[in-house]
1. Rounded to the nearest percent, how much of the accessible area of the chain (1.4 Å probe, protein heavy atoms only) is carbon and sulfur?
2. Okay, helix-only estimate at 222 nm for the chain: each DSSP H run of n ≥ 4 adds -39500 (n - 2.57), divide by all residues, round to 500 deg cm²/dmol; what do you get?
3. How far apart, in nm, are two points set 7 Å out from the Cα along the Cα-to-Cβ line at Thr5 and at Asp54?
4. If the chain were replaced by its equivalent ellipsoid, with semi-axes equal to the square roots of 5 times the Cα gyration tensor eigenvalues, what would those be, largest first, whole Å?
5. How much length is gained on full extension from Lys83 to Ile61, taking 0.36 nm per residue of separation minus their Cα-Cα distance?
Amino acid sequence: GKDKTDKVDKADKIGKDKTDKTDKADKMGKDKTDKTDKADKMGKDKVDKTDKADKMGKDKIDKTDKADKMGKDKTDKVDKADKIGKDKTDKKDRADKMGKD
């Protein structure tokens, strides 16, 4: 009778071990999910940072375009000044020519 009880106890213990292992597996499964969530979040952060970098890159391009435009304006003004200078010279040459005549 005692042997029978021992065997039943042993079976119960094995059954309990099985449950423990399942619990452990569940916990590991949960850990896996947590890690995946964390990886997803990190992936999202990466995308956010990339978006931010893209925006900053765009801002940089905008600033470069602006600088190019300002540079062009500067060139236009220099060209205008050169033209005015040339007109002045032309008038002087004309006056000289008229004086010479």
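The values are calculated or read from the model by the stated rules, or taken from the named source; none is laboratory data. This one's a predicted model, so the numbers in the text were calculated from it and none came from an experiment. Glycine gets a Cβ as well: all are built from the backbone with ideal geometry, and neighbour counts include every protein chain shown. These area figures cover heavy atoms from the full protein model, side chains too; ligands, DNA and RNA do not enter into them. Shrake-Rupley method; radii C 1.70, N 1.55, O 1.52, S 1.80 Å.
1. Of the solvent-accessible surface of the chain, carbon and sulfur hold 60 percent.
2. So the calculated ellipticity at 222 nm is -37500 deg cm²/dmol.
3. Each label point lies 7 Å from its Cα, and together they span 7.3 nm.
4. 96, 5, 4
5. 4.7 nm
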